[in-house]
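Read through the structure below, which is laid out as structure tokens, and then see the notes.
The values are calculated or read from the model by the stated rules, or taken from the named source; none is laboratory data. Here the structure is a predicted model, which is why all the values come from computation and not from measurement. Cβ coordinates were reconstructed from backbone atoms using ideal geometry, including for glycine residues, and neighbour counts include every protein chain displayed. To get the accessible areas, we keep the full protein, side chains included, count just its heavy atoms, and leave off ligands, DNA and RNA. Shrake-Rupley method; radii C 1.70, N 1.55, O 1.52, S 1.80 Å.
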Amino acid sequence: MTEKKKRRAGRAPKQRTLTELFRRNQRKKRNEFKPDPTTSTWLKTQKLTRLQRLRLVKWVLYALIVVVCLVLQDVILGQIRLFGATTDLAVGAILLITVIEGTDVGSLFVLIASALYWFSGSAPTPLCIALLTFFGVGATMFRQMYWHRSRGTLTLCACLALTLYELGLFGVGLFYGLTYWGRLPSFLLTSVYTSLVMIPLYSLVNKTGLIGGNTWKE
């Protein structure tokens with residue numbers, strides 16, 4: 001027993017090099033340090049410029065204008081009838097915005113807005129999506145090709161698109177047997193009443209469209 005103890009005591013301690021000590025120290029630090037998980041939110045990653053914020057505000061206001069017109073039509077104006085006809089205010093607002101924004105942006109807007117108009121339950125037929133898009137884009141293209149941009153030409157083209165839309169609704173109803181020829185004057189009166197409301201509505205839509213600068217190209 002004493003000889004074994006002497007042998008153990010006589011053994012020299014194991015020498016460690018500097019590289020081994022350095023590696024050991026690095027492993028120790030890795031085990032001790034655990035960084036917090038990186039979390040990125042949508043608000044932190046998305047940075048909007050001032051111009052982008054203004055244009056976002058513009059489209060939010062556009063949406064509010066259409067919604068308010070839709071509510072006014074369903075709650076108040078829809079209950080008022082003169083000679084069997086009433087206004088179609090939401091359609092008028094959609095067509096005004098389409099003509100003011102031009103074909104580049106207005107074509108996409110009228111397609112989305114007409115689809116939402118149908119899903120709101122106020123549209124008479126799903127074909128209103130095709131009618132609004134076709135006549136809205138057509139009137140906008142006609143204005144850009146032949147007339148200079150002004151208050152009169154923009155309002156006139158929007159009213160023209162509205163009249164063609166009402167006649168298109170009448171044609172669809174006549175084809176499916178939902179209406180008769182005697183109802184034609186009421187559709188025309190609806191376009192006249194709505195056109196009269198679109199004249200003062202133009203000022204609000206046009207001022208909203210100027211937020212963030214002009215996006216149309218002519």
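Structure notes:
- For the range 78-90, the criterion of being in a helix (DSSP H, G or I), β-branched (Val, Ile, Thr), at negative phi and more than 22 Å from the chain's Cα centre (by Cα) is met by no residue.
- Qualifying residues in the range 165-215 (those that are of a type in the set (Val, Ile, Thr) and part of a helix (DSSP H, G or I)) - the one surrounded by the fewest Cβ atoms within 10 Å (Cβ to Cβ): 199
- Residues satisfying the stated conditions in the range 124-150, i.e. farther than 23 Å from residue 173 by Cα, open to solvent by 30 Å² or more (accessible area, probe 1.4 Å) and assigned to a helix (DSSP H, G or I): 141, 142, 144, 145, 146
- Flag for residue 171 being more than 22 Å from residue 114 (Cβ to Cβ) and without any contact (Cβ under 8 Å) to a residue 12 or more places away in the chain: no
- Conditions (1) in contact (Cβ under 8 Å) with a residue 24 or more places away in the chain; (2) farther than 17 Å from residue 98 by Cα: number failed by residue 151: (2)
- Condition check for residue 57: farther than 17 Å from residue 158 by Cβ and either part of a helix (DSSP H, G or I) or of a type in the set (Phe, Trp, Tyr) (or both): yes
- When 42, 59 are checked against the criterion of being at pLDDT 85 or above and surrounded by fewer than 21 Cβ atoms within 10 Å (Cβ to Cβ), a single residue qualifies: 59.
- Residue match in the range 112-121 (condition: open to solvent by less than 60 Å² (accessible area, probe 1.4 Å), over 17 Å from the mean Cα position of the chain (by Cα) and not acidic (Asp, Glu)): no
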